[in-house]
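Below is one structure, written out as structure tokens, with a few remarks after it.
The values are calculated or read from the model by the stated rules, or taken from the named source; none is laboratory data. Fair warning: this is a prediction, and the values are worked out from it, not measured in the lab. Cβ placement follows ideal geometry from the backbone for every residue including glycine, while neighbour counts extend to all protein chains displayed. Accessible surface areas use protein heavy atoms only, side chains included; no ligands, DNA or RNA. Shrake-Rupley method; radii C 1.70, N 1.55, O 1.52, S 1.80 Å.
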Amino acid sequence: MKIAIASGKGGTGKSTVAANLACTLALSREVALVDCDVEEPNLHLFFPDSAEDVPVTTLVPEIDPALCTLCGECGKFCRFGALSVLKDRVLLFPELCHSCGGCSLVCPQGAIREVPRTIGRVACSCPLSRLTLVSGVLNEGEVMAPTVIRAAKMLAEGHPLILYDASPGIACPVIETLEGVDACILVTESTPFGLHDLRLAAEVVESTGIPAGVVINRSDGRDEETLDFCRERGLPILMTIPFSREIAAIQNRGGLICRDLPGWEERFADLFEAVVKIAGVNP
Amino acid sequence: MIVGITARAAGTDAPVEQRFGRAPYFVFVDTETGKAESIENPLVDAAGGVGPRAVQMFSEHGATVVITGQVGGNAARALGMGGIKAYAYRGSGSVADALAEYTAGNLQLLPL
Ligand code: SF4
Ligand code: SF4
């Protein structure tokens, strides 16, 4: 079974929910936790351990100056601006290249071949006996987040239970993360901004047809608007985490409430049961 | 020498545009003949990577000098590699005004 944990924006406590859920599940079964927030992966902070790195590469053009006639076709074709044909050479901006392969097709001289270039890595570790952590890491300045997400998901493939921590927001990386999942947990806060972002995230998940439910984090007990919205959209509330100094203190030092606060292991186990129910699959 | 100027419309009377890659028009002036050619920039609404593509257009038109407001990092690198000098014009005047300022030596080189 595959579960994604997403939110319309950063800072809602999405990763904390993912880490607590993974930690709780690892007490009784094998679980793989995949950090798909490749621009700012942070799950390893909850589970410090030495990791094995696998590089992620993408293909970029390499131009043979002996064949190139500086005709300009490749630069005109590339809509990402990764190629600029100048008077005496073709300049490549590898970090702008989306590896579409088009330039090598349009080059009338056959002067372009594709060569691999490293854009990030996937770090694998086993911080708990039944937990595998797979973190996608996109290198600074790179744009191809979906490629690294795909690589991270691929490495976790085959595990019977996989949790994906999506990047915040609703852009392509999130869509890539949602690909193939059975259920999605949307994490929100009960503020007007939180609701606005939840609305956007809910729309994206709805468009994918993936069953979803909501976790309200840092709840001050006045969640009426969020509850109304969820009822309207048919989104079940899977869990409510109250705002409390005790919880905040544990989380601020990178701790997990399922481990450090009595009662929370059970609640995260219940969260999993609730997700299984909305997914309608065998866990 | 060909000087390329970023502009809001066609012709040398058009106001200078501060943005480089997203300028609606590029006006190329041949300083020997005084002839001007205006090109509509197809990249105004492009999603990204406009800098390097705009540089290719300047290069194709034989420009060795660019007058504009500011250039981004990738465009600056491409201009630098292409041996095209970029000068800053921050006034609100026309293409002709900017050219006159350039000829008078009043414009600052943009760091590339
Ligand atoms: S592979 Fe595609 S994106 Fe990359 S430089 Fe070539 S045309 Fe541009
Ligand atoms: S399309 Fe081929 S020949 Fe033309 S400029 Fe590009 S690399 Fe050179």
### Query
Where residues in the range A:133-158 are touching a residue at least 12 places away in the same chain (Cβ under 8 Å) and open to solvent by 50 Å² or more (accessible area, probe 1.4 Å), which of them is nearest to A:Phe47 (Cα to Cα)?
A:Leu155
### Message
Can you list the helices (runs of 4 or more DSSP H) lying wholly within chain B that have 1 or more residues being open to solvent by less than 60 Å² (accessible area, probe 1.4 Å) and away from chain A (no Cβ under 14 Å)?
### Response
B:95-103
### Lone qualifier among A:Val181, A:Val205 - being over 17 Å from A:Gly13 (Cβ atoms), touching a Phe, Trp or Tyr at 6+ places or on another chain (Cβ under 8 Å), assigned by TED's automatic domain parsing to the domain that holds A:Leu25 and modelled with pLDDT of 85 or more
A:Val181
### Task
Quickly run through the range A:118-175 and pick out the residues that are among the polar types (S, T, N, Q) and assigned to a strand (DSSP E or B).
A:Thr118, A:Ser125, A:Thr132, A:Ser135
#### Entry: Given (1) away from chain B (no Cβ under 14 Å); (2) open to solvent by 60 Å² or more (accessible area, probe 1.4 Å), index of the condition A:Arg89 fails
(1)
#### Entry: Scope the range A:185-200; condition touching a helix residue (DSSP H, G or I) at 6+ places or on another chain (Cβ under 8 Å) and surrounded by 22 or more Cβ atoms within 10 Å (Cβ to Cβ); matching residues
A:Ile185, A:Leu186, A:Val187, A:Thr188, A:Gly194, A:Leu198
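Of these, A:Arg130, A:Arg113, which one is assigned by TED's automatic domain parsing to the domain that holds A:Lys76, in contact with an Asp or Glu (Cβ under 8 Å, 6 or more places away or on another chain) and either charged (D, E, K, R) or more than 14 Å from ligand 2 (Cβ to nearest atom) (or both)?
Every option except A:Arg113 fails the conditions.
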### Task
Note down all Cβ pairs under 6 Å where the first residue falls in the range A:26-41 and is in contact (Cβ under 8 Å) with a residue 60 or more places away in the chain, the second is assigned to a loop (DSSP other than H, G, I, E, B) and of a type outside the set (Asp, Glu), and they're at least six residues apart or on different chains.
A:Ala26/A:Arg130; A:Glu30/A:Arg130; A:Val31/A:Leu161; A:Ala32/A:His159; A:Asp35/A:Pro41; A:Cys36/A:Ala166; A:Asp37/A:Ser167
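Count, please, the residues in the range A:66-86 that happen to be in a loop (DSSP other than H, G, I, E, B), facing chain B (nearest Cβ under 9 Å) and open to solvent by 20 Å² or more (accessible area, probe 1.4 Å).
Total meeting the criteria: 2.
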### Query
Within the group A:Val56, A:Val60, which residue is of a type outside the set (Lys, Arg), closer than 24 Å to A:Glu140 by Cα and within 16 Å of ligand 2 (Cβ to nearest atom)?
A:Val60
### Query
Name the pairs: first residue in the range A:92-105 and touching a residue at least 40 places away in the same chain (Cβ under 8 Å) and away from ligand 2 (no atom under 13 Å from the Cβ), second residue among the charged types (D, E, K, R) and assigned to a loop (DSSP other than H, G, I, E, B), Cβ to Cβ under 9 Å, at least 6 apart or on different chains?
A:Glu95/A:Glu142; A:His98/A:Arg79
### Query
Taking the condition away from ligand 1 (no atom under 16 Å from the Cβ), open to solvent by less than 30 Å² (accessible area, probe 1.4 Å) and either within 11 Å of another protein chain (Cβ to nearest Cβ) or modelled with pLDDT of 95 or more (or both), does A:Val34 pass?
yes
### Query
Does A:Glu114 qualify as being open to solvent by 30 Å² or more (accessible area, probe 1.4 Å) and either within 16 Å of ligand 1 (Cβ to nearest atom) or part of a strand (DSSP E or B) (or both)?
yes
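Residues checked against (1) more than 15 Å from A:Asn20 (Cβ to Cβ); (2) touching a residue at least 12 places away in the same chain (Cβ under 8 Å); (3) surrounded by fewer than 14 Cβ atoms within 10 Å (Cβ to Cβ):
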{"position": "A:Pro160", "(1), (2), (3)": "yes, yes, yes"}
{"position": "A:Ala183", "(1), (2), (3)": "yes, yes, no"}
{"position": "A:Thr226", "(1), (2), (3)": "yes, yes, no"}
{"position": "A:Arg253", "(1), (2), (3)": "no, no, yes"}
